[in-house]
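Only the coordinates and a few stated rules stand behind these numbers; no lab work does. Note that the structure is a prediction, hence the values are computed from the model and not measured. All Cβ positions, glycine included, derive from the backbone under ideal geometry; neighbour counts span all protein chains shown.
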Amino acid sequence: MENYSEKFWRLRLESCRKALVKNHFEVFVAQTPEDARRIFLEEILPGLHVHSASWGDSLTLHATGILEEIRRNPEIELLETFDPAVPRETLIERRRQALLVDLFMTGSNALTESGQLVNLDMIGNRIGAITFGPRHVIVFAGRNKIVGTVEEAMRRIKQFAAPLNSIRHEDFNLPCASTGRCMDCQSPKRICNTWCITEKSYPKKRIKVILINGEHGL
């Protein structure tokens with residue numbers, strides 16, 4: 001018998017799915033990161049005719065193991081933009097080039113119940129790719145990213161996701177990594193610089209969202 005929590009999340013995810021579809025996103029619901037990988041490899045990728053790919057920083061994407069699958073695919077050139085052995089200037093140039101790949105994969109800081117994606121970036125490569133450039137965009141998002149409104153999404157990002165990301169990137173030495181809350185800092189390595197609210201996917205179904213029925217990502 002389905003328990004109360006399972007029913008709650010099944011209903012919440014379906015409501016979010018319908019709202020995103022209404023806003024011209026193509027949406028899939030996965031039960032686990034492994035299920036998300038299967039959906040991507042079996043239901044999405046074969047129809048995209050992809051020869052080049054890249055990605056934006058996303059713990060949820062890493063949890064799926066999809067990057068490893070693409071690295072093993074001789075038909076797809078994966079543009080590596082996060083190699084710690086590569087100078088930052090080179091990585092920035094690669095991220096510029098990543099705006100022209102066939103497929104861009106990333107997460108989302110938040111999704112609203114009205115079917116919007118809300119994101120906040122440091123340099124803008126992730127939101128830039130979501131907005132324009134790559135022919136196809138795949139967004140991976142755990143159920144914990146779902147909020148009621150854009151205002152709630154922005155509050156979630158500034159008060160929760162951003163401080164956690166600052167702690168994760170401890171070499172940035174940002175104030176919120178010490179306080180656990182946004183300090184509206186003036187740091188040269190501030191990660192909260194550019195907002196993006198994606199109301200609808202244009203063209204229709206260019207952005208595909210895989211919702212995962214679990215707590216994944218920040």
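Numerical summary
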| quantity | calculated |
| --- | --- |
| Two-site label geometry, ARG206 and THR194: point separation in nm, points 7 Å out along Cα→Cβ | 1.6 |
| Relative contact order, percent, the stretch 157-218 [alpha-carbon distance under 8 Å, six or more residues apart] | 31 |
| Fraction of beta bridges assigned by DSSP in the chain that are antiparallel (%, nearest 5) | 25 |
| Shape of the chain, Cα gyration tensor, a/c cut at 1.5 | oblate |
| Those residues of the stretch 183-218 whose amide nitrogen sits under 16 Å from the label point placed on SER114, 7 Å along Cα→Cβ | 196-201 |
| Length released on extending from THR131 to GLU75, taking residue separation times 0.36 nm less the Cα-Cα span | 17.6 nm |
| Average Cα contact separation per residue, the chain, under 8 Å, 6 or more apart, as relative contact order % | 30 |
| Mean separation of Cα contacts under 8 Å (6+ apart) over length of the stretch 1-128, as relative contact order % | 29 |
